[in-house]
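Notes follow once the structure below has been shown.
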Amino acid sequence: AIGILFLDPAQLGYDTSFVSSTDGVTTLSVDDNTYKVEKDIHTDRSIRGRGTVCLRATCTEGKNVGKVCVVKDAWVDRSRAVKEVEMLRSLKGKLSNIPELLYGDVVKISTSSGEEVVDSTEIFRGPSPDVEIRDHYRIVMTPYGVPIWHFASLTELVSATHDVIEGQCSLRFYV
């Protein structure tokens, strides 16, 4: 048990791309951009699943400075035919009313030997065909929307609902 005290944070399962300062500010570096994490929007609390975490963040350094974004981390089943990040990439510039993908890729971690590898459940479970393998994906997208209860009027709500339906209908032609 005392040995656990001396383990590196990554060996304990911490995502070392997140850095917390002594004043309570958490930042995340992604693709030469630094994002200040402002709020936990959603955390999947199920025992088994994708372990999805969505955060509201603002870019403080890099090419996206000032953009308010959603950072989404999820553990995606490797056997899934189409991943969310691939779909967002393929739809970029083709549809309106969908988020703009600023970054999307599988997360890589350093092993104890310093080698960069895909953050995957395969590291712990092994490459067994009987067990699903999940890869850790990170997506950064904008704009950050507000919950429907924050709309100022019925007109805003109806307009947002219209955009969702229009986006959903347009999506049928590309999927």
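The values are calculated or read from the model by the stated rules, or taken from the named source; none is laboratory data. This one's a predicted model, so the numbers in the text were calculated from it and none came from an experiment. Positions of Cβ are generated from backbone atoms using ideal geometry, with glycine treated the same way; all protein chains shown enter the neighbour counts. The accessibility values were calculated without ligands, DNA or RNA, using every heavy atom of the protein model including side chains. Shrake-Rupley method; radii C 1.70, N 1.55, O 1.52, S 1.80 Å.
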Pairs needed: first member in segment 136-148, under 17 Å from VAL53 (Cβ atoms); second member anywhere, open to solvent by 40 Å² or more (accessible area, probe 1.4 Å) and not hydrophobic (A, V, I, L, M, F, W, C); C-beta distance under 6 Å; at least 6 residues apart or different chains. VAL140/TYR103; MET141/PRO99; TYR144/ARG56
Residue satisfying condition, being open to solvent by 80 Å² or more (accessible area, probe 1.4 Å), out of contact with any strand residue (DSSP E or B) (no Cβ under 6 Å at 6 or more places or on another chain) and not small (Gly, Ala, Ser), within set GLU115, GLU38: GLU115
Just one of GLU132, GLU100 is at pLDDT below 85 and among the charged types (D, E, K, R); which is it? GLU132
Looking only at residues that are surrounded by 16 or more Cβ atoms within 10 Å (Cβ to Cβ) and β-branched (Val, Ile, Thr) in segment 17-35, which one is farthest from LEU102 (Cα to Cα)? THR27
Name the single residue that is modelled with the lowest pLDDT among those in segment 140-175 being small (Gly, Ala, Ser) and over 25 Å from ASN64 (Cβ atoms). SER170
State all residues of segment 46-66 that are open to solvent by less than 70 Å² (accessible area, probe 1.4 Å), in a loop (DSSP other than H, G, I, E, B) and farther than 14 Å from SER29 by Cα; if no residue qualifies, say none. SER46, GLY49, GLY51, THR52, GLY66
